Every structure is written in C-alpha cells, then in structure tokens.
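The values are calculated or read from the model by the stated rules, or taken from the named source; none is laboratory data. Nothing here was measured: the structure is a model prediction, and the numbers come from that model. Counting neighbours? That spans all protein chains shown, and the Cβs are built from the backbone with ideal geometry, glycine included. Ligands, DNA and RNA are excluded from the accessible area calculation, which covers all protein heavy atoms including side chains. Shrake-Rupley method; radii C 1.70, N 1.55, O 1.52, S 1.80 Å.
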Amino acid sequence: VTRAGVLDVIAATGLAFEERAFTVEEAYAAREAFVTSATQVVMPVVRIDGRPVGNGAPGLVASALRRDFHSHVELAQ
C-alpha cells in the first residue's frame, strides 16, 4: 500500500520512476536516495556505508514525497 501511494505521488508530480537493479557504486554516486516502508513511508537515506549521499542531508525529492504522501493518500480514499 505504501509503495503504491508513493508511486501515485510520483506520477502526480510528473517525476519519472524507474525500478531496476543498481550497483553499490551507483548508490554511492546518487544525488539522493530514500527507502519506503509501512512505518516510515518515505525515509531519506543520507549515508551508505558511512559515505554521504549527495550533500549528506535529505534531498528535495525525498522530502517532498514524504511531505505529500499522507495528503495524497487521504484524498484518494
């Protein structure tokens, strides 16, 4: 349910979504990253193996998805 809600928010904001396998090197080079779960909804990832992701702070996209998730899901009901 959480994943579907996040995908709906992504679509509503016009962002592109790609689901694929990736390498650790790609993760290290990411500008931002996040994980989703039922309890955390969208959780920005700021470090991977002790290395900062992007500038080491939550990114704009992950922050916006986290902020917009609940209002989008409530409107859908």
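The set of residues in region 54-70 being out of contact with any Pro (no Cβ under 8 Å at 6 or more places or on another chain), open to solvent by less than 40 Å² (accessible area, probe 1.4 Å) and at pLDDT 90 or above consists of G56, A64, L65. Looking only at residues in region 1-38 that are in contact with a Ser or Thr (Cβ under 9 Å, 6 or more places away or on another chain) and among the polar types (S, T, N, Q), which one is least open to solvent (accessible area, probe 1.4 Å)? Applying the filter and picking the extreme gives T2.
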